[in-house]
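Chemist: Take this structure, written in structure tokens, and hold onto it; I'll ask about it next.
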There are 2 protein chains.
Amino acid sequence: MRPDTDPQIRHLHLFRDMAQANFAELMSASYVQAFPPGLEMIRQGDPADFLHIVVQGSVELVGQWAGRECTMAVVRPVSTFILAACIRDAPYLMTARTLERTRIVLVPASDLRAMFRRDTEFAVAVINELASCYRSVVRNAKSMKLRNSRERVASYLLRQSILAGGVPAYTLPVEKRLLASYLGMTPENLSRTLRTLETDGVKIDGARVIITDRARLAALAKPDKLIDGPDTHAEESGSGLPAARS
Amino acid sequence: MRPDTDPQIRHLHLFRDMAQANFAELMSASYVQAFPPGLEMIRQGDPADFLHIVVQGSVELVGQWAGRECTMAVVRPVSTFILAACIRDAPYLMTARTLERTRIVLVPASDLRAMFRRDTEFAVAVINELASCYRSVVRNAKSMKLRNSRERVASYLLRQSILAGGVPAYTLPVEKRLLASYLGMTPENLSRTLRTLETDGVKIDGARVIITDRARLAALAKPDKLIDGPDTHAEESGSGLPAARS
DNA sequence: CTCGAAGGTTGACAATAGTCAATCCTGAAC
DNA sequence: GTTCAGGATTGACTATTGTCAACCTTCGAG
């Protein structure tokens, strides 16, 4: 594969501790592929033949059932996705669709599975990665079950502010309809909820979020470390939405 | 620890492939503890010092937030729980509460973390276990986001029948209020939903479930392999509700 | 056998969330 | 600039789900 992406990939928690020779071997078995926007690169139910690493662009992971669908996560560079399916040699549980022009490094799942038997540091890294991903989804499930949509929106807005460095204003990193789907609600409901939240410490102007009364918003969002994080090295494993920038 | 529980534990996917000496070492560092019914043995947020293995009784894993709580899983013998927290050396994300008198084997998390660096087969087993757990939670999250409560109940009833061997009648393995919480709804709503489902192929008599028209129920539940399984060796990792028996 | 506690059920009502349709941006192509 | 397409918003309405209170079972303790 093209070596120019190697350094970024090498720095991922998943790969940084393994022997250089082993990393090089994995990379030499891999290849890069570019996809146009809006393309379904993976369909849920397909066999998991490759670990995917986003090196450019962004990918939406969606769950589908009975003609409905919901966004489970958005993956931004540089991070991996669908590691678990590769390891289990099982069908993908989610469909992956590019949001923009995207470059992906594809690592054959079989090489991956062989490698963690040979390289202990890699095995440990995989263990840590999976444990993080697991915890991340559990947090998500808790948020979905314990909070109503208004509380989820408030939590999201507050958390994005914190992720962006505690700034009082930032721009939403994804389209609202995608955010709505991620939060488990309809775009219409999100739109209305954002409006009503203006009495609770946030001002919304298009994609711009301005936190006018952090304490008031927090009283509603009730941020909780065990749901909203922070969790170490979870951000590079494609189990949430990308962070905002102020 | 008491050796009489060793054989059952040894047969778990997590432990069956490791070297006998290493298994013995882990067990010798562990100890058994018995808990009365209704006891909170773990509180969410506590540091994860021990991998827990249920050898007798049953344990409910619940998520809590803002005074609310929901059941995430029920763990029955013989299976492990909170592996991920132990590995990450991070706080538990869920509270664990005994449903009945329960015996637990406690394996020190530090020994666990040391062991998978020494025993490759154990490391591989941990990887597989975590990947399975991860996929299990993703399935759950999909069910919660894509289905309404009526569909979740129908899916649950149908799946239990399949897990019990495709039988037309079985007994619910848990109390209805617990089931309601697991399915993300109130007991009242579950009660009403069960009643209305009688026009769709299931008869409910107390804790007894009789499937009168499987096709009709399936048309509503729309069972999906990517949500409802089956998934290999997921049942022993405490990421769902126990299976029913006819 | 009686009693009492706890789970389960039911009814009435309120809150929450989804649907459908119309309209309003907004930004990219021409 | 103009046009057009797609996202976002709004209104009106419906469906779903939760809340509160009352009541009914069931089952075990005494």
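The values are calculated or read from the model by the stated rules, or taken from the named source; none is laboratory data. Note that the structure is predicted; figures quoted are calculated from it, not measured. Note that we place each Cβ from the backbone using ideal geometry, even for glycine, and neighbour counts take in every protein chain shown. Heads up: the accessible areas ignore ligands, DNA and RNA and are worked out on the full protein's heavy atoms, side chains in. Shrake-Rupley method; radii C 1.70, N 1.55, O 1.52, S 1.80 Å.
Chemist: Based only on the alpha carbon positions, what is the Kirkwood hydrodynamic radius of region B:3-142, in angstrom? Mind dumping the intermediate values first?
Modeler: Numbers: mean 1/r = 0.0650 Å⁻¹.
Final number for the Kirkwood radius of region B:3-142 is 15.4 Å.
Chemist: Another question, if that's okay. Taking the label point 7 Å from Cα in the Cβ direction, how far apart in nm is B:Leu39 from each other copy of itself, listed shortest first?
Modeler: 5.9
Chemist: Here's a follow-up. First compute the accessible area of the protein assembly as shown with a 1.4 Å probe, then give the percent of it belonging to carbon and sulfur atoms.
Modeler: Numbers: 9900 of 19500 Å².
Within the protein assembly as shown, the accessible surface is 51 percent carbon and sulfur.
Chemist: Which distances, shortest first and in nm, link B:Ser110 to the matching position in the other copies, using label points set 7 Å out along Cα to C-beta?
Modeler: The projected label point of B:Ser110 is separated from its counterparts by 4.3 nm.
Chemist: Per residue of A:140-152, what is the mean number of Cβ atoms on other protein chains within 10 angstrom of that residue's Cβ?
Modeler: Working: counts 5, 12, 10, 3, 6, 15, 9, 3, 0, 0, 0, 2, 0.
So the per-residue partner count for this stretch is 5.
Chemist: Relative contact order for chain A using alpha-carbon pairs under 8 Å, separation at least 6, rounded to a whole percent? Let's see the in-between values first.
Modeler: Values: 444 pairs, mean separation 55.7, N = 246.
It rounds to 23 percent for chain A.
Chemist: Does region B:135-177 classify as rounded, prolate or oblate by the C-alpha gyration tensor (a ≥ b ≥ c root eigenvalues; a/c under 1.5 gives rounded; else a/b over b/c gives prolate, otherwise oblate)?
Modeler: Here region B:135-177 falls in the prolate category.
Chemist: Report Rg/Rh for chain A, rounded to two decimals, where Rg is the Cα radius of gyration and Rh the Kirkwood radius. Provide the component values of the computation, followed by the final result.
Modeler: Working: Rg = 18.7 Å, Rh = 18.9 Å.
With Rg and the Kirkwood Rh in hand, the quotient comes to 0.99.
Chemist: Same structure again: With runs of 4+ DSSP H residues as the only contributors, calculate the mean residue ellipticity of chain B at 222 nm using -39,500 (n - 2.57) per run, divided by the residue total and rounded to the nearest 500.
Modeler: Values: 11 runs with 105 residues, N = 246.
Here the helix-only value at 222 nm equals -12500 deg cm²/dmol.
Chemist: If every alpha-carbon in region B:103-237 counts as one equal scatterer, what log10 I(q)/I(0) does Debye give at q = 0.22 1/Å?
Modeler: -1.35
Chemist: In nm to one decimal, list the spacings between the B:Gly165 label point and its equivalents in the other copies, with label points set 7 Å along Cα to Cβ, shortest first.
Modeler: Between copies, matching label points for B:Gly165 lie 6.4 nm apart.
Chemist: Among the aspartates and glutamates, which fall within straight-line cross-link reach of A:Lys222, defined as a Cα-Cα distance under 15 Å, with same-chain neighbours fewer than 8 residues apart omitted?
Modeler: The qualifying aspartates and glutamates are A:Glu151, A:Asp200, A:Asp213, B:Glu69.
Chemist: A further question follows. Once you average over the residues of A:41-49, how many Cβ atoms of partner chains fall within 10 Å of each Cβ?
Modeler: Counting other chains' Cβ atoms within 10 Å and averaging over A:41-49 gives 1.
Chemist: On a 0 to 90° scale, report how tilted helix B:149-163 is relative to the longest principal axis of chain B, with both axes built from alpha carbons and the result rounded to the nearest 10.
Modeler: The angle comes out at about 60 degrees.
Chemist: Tell me the GluC sites (Glu not before Pro) within region B:84-134 that lie in a loop according to DSSP and have at most 15 other beta-carbon atoms within 10 Å.
Modeler: Answer by residue number: B:Glu100.
Chemist: Follow-up. Peptide A:123-129: average number of partner chain Cβ atoms within 10 Å per residue? Please list the in-between numbers first.
Modeler: On the way: counts 8, 7, 0, 6, 14, 5, 3.
Mean shielding count: 6.
Chemist: Pairwise over distinct Cα atoms, reciprocal of the mean inverse distance: report the Kirkwood radius of the protein assembly as shown in Å, one decimal place. Please report the intermediate quantities before stating the final value.
Modeler: On the way: mean 1/r = 0.0425 Å⁻¹.
One decimal place: 23.5 Å for the Kirkwood radius.
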